[in-house]
Amino acid sequence: MLSKLYLIGIGPGDPKYLTLEARGLIEKLDLFLIPEKGGGKKELIQKDQN
């Protein structure tokens, strides 16, 4: 059996901004993983300045 991996972006990070298509997909999934949020903008700014 071939498995599928779906990546769903949530834009600015507020789950209220999910599309209806994304919500429908999430409701059908057997497994739903959420990655741990990183350091955020400050971390990116520090990397850019180096």
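The values are calculated or read from the model by the stated rules, or taken from the named source; none is laboratory data. Because the structure is predicted, anything quoted here is derived from the model rather than measured.
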Legend entry - Within segment 34-50, tally of residues that are of a type outside the set (A, V, I, L, M) and either modelled with pLDDT of 75 or more or not in a loop (DSSP other than H, G, I, E, B) (or both): 7
Legend entry - Subset tally (residues that are modelled with pLDDT under 80 and under 11 Å from the mean Cα position of the chain (by Cα)) for segment 1-33: 7
